[in-house]
Amino acid sequence: MNEQSDSGYIPFNLPDIGAEEIAAVVEVLKSGWLTTGPTVKAFEAEFADYVGARYAVAVNSCTAALHLALEAAGIGPGDEVIVPTLTFAATAEVVAYLRAKPVLADCDPRDLNISVASVRAALTDKTKAIIPVHYAGLPCDLDPLRDAVKGREIAIIEDAAHAVPSRYNGRMIGSISKATCFSFYATKTLTTGEGGMITTDDPAMAERMRIMSLHGISRDAWKRFAADGNWYYEILRPGFKYNLTDIAAALGRVQLRRIESMREKRAAVARAYSDAFRDLPGVVVPGDIPGREHSWHLYVLRLDPARVRGGRDGLIAALKERGIGTSVHYTPLHLHPYYREAFGYKPEDFPAATRAYSEMVSLPLYSHMSGANVARVVGAVREVVLAAVA
Ligand SMILES: *Cc1c(COP(=O)(O)O)cnc(C)c1O
């Protein structure tokens, strides 16, 4: 389908969509039922089963998932929610949706996940939730994080936008905390174009999120136009419009069946990269940590700007000249104008994230990347870095 050429531009990311996905979408288009319906129900059941959660609620983005999870956890005005500074906009903006305050935490320089010491330092009487992000797909160290809030009414809501499939001490991400939020955005490891999922074992939370995801109207309101449905519904709360379509879910069901094999292929690319870059001077490859199984959503290489001339930006420009796309994940939130101005954050407030930001580049990584293209990236990175070391 979306095959790549071995001589042209190598994009940073390319969704792995095959004939099965296309056939499944066409089937839904022909069925006469396009929006939330039986295919979404089936996708939810299969996803819950896969990650080992009791409930899964499908939504139209991970941003929606995070918003619904925080709302269901009772987060509101005046509450504080701790989020890592090294993340995407969505993780913190959902806190503002609820008129609560996002409180940033630094990352651990070893795995770039949220630092438990930084979380401990950020805790106050107003802290009501923490949103750890499994950065790049490597699970956060959840046990010490849970210990840090033991005995307190603080919900751990995981931002697992990068983490399907990831495992922490043998347990699937999605089966561990109060709620876990996934993204099926176009670049993620399982895609529906746009989409998301929340998993939880808590029946009250699942029910609340399901109702709020569709205008706050009574259960299974999506069925009101079906043969076994009923026109009658009641509005219980002012909810949101966050439901997933059956078109998207059809894509998701096929991707879910392929998820383990796609992960294997990304892991093989990541291994090839690390084997090729481990000996490069001034370069740090992502670490393997026992007990933490990586989804390999991102491959983040770090370059010491004191040792590699031109640093990260030099490498990005040189790779671009050679037809290789890259990205940076992320400019930490505390360096963005809104967070600087609204909360007075300074670069030195989060030294590990500020430093990592200056060093990091995400290399092309996707399941159907050809061996020839992996070799091109390897050759180009080695050539550029070796020419730039002092
Ligand atoms: C992609 C992403 C999100 C948002 O996901 P959407 O499905 O686009 O809303 C949230 N958090 C992180 C860490 C992400 O990478």
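Pairing residues of segment 223-239 that are under 19 Å from Thr35 (Cβ atoms) with residues that are open to solvent by 100 Å² or more (accessible area, probe 1.4 Å), at Cβ distances under 8 Å and at least 6 apart in sequence or on separate chains, gives Arg224/Trp231; Arg224/Tyr232; Arg224/Tyr233. Is it fair to say Ile114 is at pLDDT 95 or above, more than 30 Å from Phe12 (Cα to Cα) and within 16 Å of the ligand (Cβ to nearest atom)? Taking the combined requirement at face value, the residue does not satisfy it. Inspect segment 35-47 for any residue being within 25 Å of Met262 (Cα to Cα), touching a residue at least 40 places away in the same chain (Cβ under 8 Å) and open to solvent by 50 Å² or more (accessible area, probe 1.4 Å) and give the result as yes or no. Checked against the condition, which is being within 25 Å of Met262 (Cα to Cα), touching a residue at least 40 places away in the same chain (Cβ under 8 Å) and open to solvent by 50 Å² or more (accessible area, probe 1.4 Å), segment 35-47 yields at least one hit.
Taking the criterion of being in a helix (DSSP H, G or I) and either among the hydrophobic types (A, V, I, L, M, F, W, C) or surrounded by 17 or more Cβ atoms within 10 Å (Cβ to Cβ) (or both), the residues of segment 133-150 that qualify are Tyr135, Ala136, Gly137, Leu142, Leu145, Ala148.
Looking across segment 252-271, just one residue is more than 18 Å from the chain's Cα centre (by Cα) and closer than 21 Å to Arg210 by Cβ, and that is Arg253. Inspect all residues belonging to segment 12-23 and state whether any of them is open to solvent by less than 30 Å² (accessible area, probe 1.4 Å), part of a helix (DSSP H, G or I) and at pLDDT 95 or above. Yes - at least one qualifying residue is present in segment 12-23.
The sole residue among Lys223, Lys241 that is under 27 Å from Ile75 (Cβ atoms) and of a type in the set (Lys, Arg) is Lys241.
Determine whether segment 297-304 contains at least one residue that is acidic (Asp, Glu), touching a helix residue (DSSP H, G or I) at 6+ places or on another chain (Cβ under 7 Å) and open to solvent by 30 Å² or more (accessible area, probe 1.4 Å). Within segment 297-304 (the criterion being acidic (Asp, Glu), touching a helix residue (DSSP H, G or I) at 6+ places or on another chain (Cβ under 7 Å) and open to solvent by 30 Å² or more (accessible area, probe 1.4 Å)), the answer is yes, since at least one residue qualifies. The single residue among Ala160, Ala155 that is under 10 Å from the mean Cα position of the chain (by Cα) and touching a residue at least 12 places away in the same chain (Cβ under 8 Å) turns out to be Ala160. Residues of segment 296-327 that are under 15 Å from Ala387 (Cα atoms) and in a strand (DSSP E or B): Leu303, Val308. Could you go through segment 359-374 and let me know if any residue there is of a type in the set (Asp, Glu) and crowded, with 18+ Cβ neighbours inside 10 Å. There is at least one residue in segment 359-374 that is of a type in the set (Asp, Glu) and crowded, with 18+ Cβ neighbours inside 10 Å. Entry remark, segment 100-132: residues being β-branched (Val, Ile, Thr) and open to solvent by 10 Å² or more (accessible area, probe 1.4 Å) number 4 in total. Within segment 336-357, the set of residues being more than 17 Å from Val119 (Cα to Cα), of a type in the set (A, V, I, L, M, F, W, C) and crowded, with 18+ Cβ neighbours inside 10 Å comprises Ala356 only. The criterion of at least 1 residues that are more than 10 Å from the ligand (Cβ to nearest atom) and either in contact with a Lys or Arg (Cβ under 7 Å, 6 or more places away or on another chain) or open to solvent by 10 Å² or more (accessible area, probe 1.4 Å) (or both) is met, among strands (runs of 3 or more DSSP E) falling completely within segment 151-216, by 155-159, 196-200.
Taking the criterion of being in contact with a strand residue (DSSP E or B) (Cβ under 8 Å, 6 or more places away or on another chain) and either under 30 Å from Val389 (Cβ atoms) or assigned to a strand (DSSP E or B) (or both), the residues of segment 241-279 that qualify are Lys241, Val269, Ala270, Tyr273, Phe277.
Is it fair to say Val28 is closer than 17 Å to Val149 by Cβ and open to solvent by less than 40 Å² (accessible area, probe 1.4 Å)? In short, no.
Within the option set Ala65, Ala53, Ala58, being open to solvent by less than 50 Å² (accessible area, probe 1.4 Å), of a type in the set (A, V, I, L, M, F, W, C) and part of a helix (DSSP H, G or I) holds for one residue only, Ala65. Output the number of residues of segment 73-99 satisfying the condition of being open to solvent by less than 30 Å² (accessible area, probe 1.4 Å), outside any loop (DSSP other than H, G, I, E, B) and away from the ligand (no atom under 12 Å from the Cβ). The number of residues fulfilling the criteria is 4.
The values are calculated or read from the model by the stated rules, or taken from the named source; none is laboratory data. Because the structure is predicted, anything quoted here is derived from the model rather than measured. All Cβ positions, glycine included, derive from the backbone under ideal geometry; neighbour counts span all protein chains shown. Ligands, DNA and RNA are excluded from the accessible area calculation, which covers all protein heavy atoms including side chains. Shrake-Rupley method; radii C 1.70, N 1.55, O 1.52, S 1.80 Å.
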